[in-house]
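A short worksheet on the structure shown next.
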Amino acid sequence: MNYPSDYDRNGLLKTPFLFWCILLLQARTWVLFVIAGASREQGGALLGLFYPDHDNFWLGLLPGVPAVLTFLLSGRRQHFPRCWRALRPLLIIAQCVLLVWQPWLWLQGEPLSGIGLSLVLIDLFALWWLMTNPRLRACFREITE
């Protein structure tokens with residue numbers, strides 16, 4: 001059940017707060033990239049801390065692309081209804097990639113860490129939430145052409 005406060009001034013259902021948190025989770029490499037770019041002198045050291053293998057950094061940007069597109073389109077979703085509706089399945093696919101990413105790194109020889117294990121658990125929750133939240137599903141379905 002939705003309340004009047006669940007809608008924005010354009011009459012569109014507001015996306016849940018947890019959705020924005022999941023987008024940040026999916027775009028975590030992009031966020032790190034922006035932070036490293038903003039801190040010019042320490043940027044290289046910061047990237048090296050989280051991504052000692054630079055190839056993994058560039059590959060890590062790929063699953064965040066749907067999240068970045070969702071951020072960009074969210075304010076104008078009524079103008080791009082087809083793109084907006086296509087983003088939810090892309091976000092789910094990207095979350096599946098992120099869920100498999102960390103165990104794959106472990107199989108490639110990266111040491112098991114608490115941060116990596118935490119990311120897997122959070123990614124698992126995020127995937128479950130993206131697939132099952134009815135309000136989020138309604139946010140992506142409500143716009144017609």
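Read-outs: derived from the displayed coordinates by stated rules, not from any lab. Note that the structure is predicted; figures quoted are calculated from it, not measured. Glycine gets a Cβ as well: all are built from the backbone with ideal geometry, and neighbour counts include every protein chain shown.
Observations on the model:
- What the Cβ-Cβ distance of A45 and I92 gives, at R0 = 30 Å and to the nearest 0.05, is a FRET efficiency of 0.30.
- Within the chain, helix-based [θ] at 222 nm, where runs of 4 or more DSSP H residues each add -39,500 (n - 2.57), nearest 500: -21500 deg cm²/dmol
- For the range 20-110, the square roots of the Cα gyration tensor eigenvalues, ordered a ≥ b ≥ c, give a/c of at least 1.5 with a/b no greater than b/c, which places it in the oblate category.
- Helices that extend 20 Å or more along their long axis by alpha-carbon positions and average at least -1.0 on the Kyte-Doolittle scale are, among the DSSP H runs of the chain, 81-107, 114-132.
- Listing I115, I122 from fewest to most neighbouring C-beta atoms within 10 Å gives I115, I122.
- Amide proton proximity set for Y7, modelled H, under 5 Å, gap of 5+: K14
- Inter-site label distance for F80 and A138 at 7 Å from Cα along Cβ, in nm: 2.5 nm
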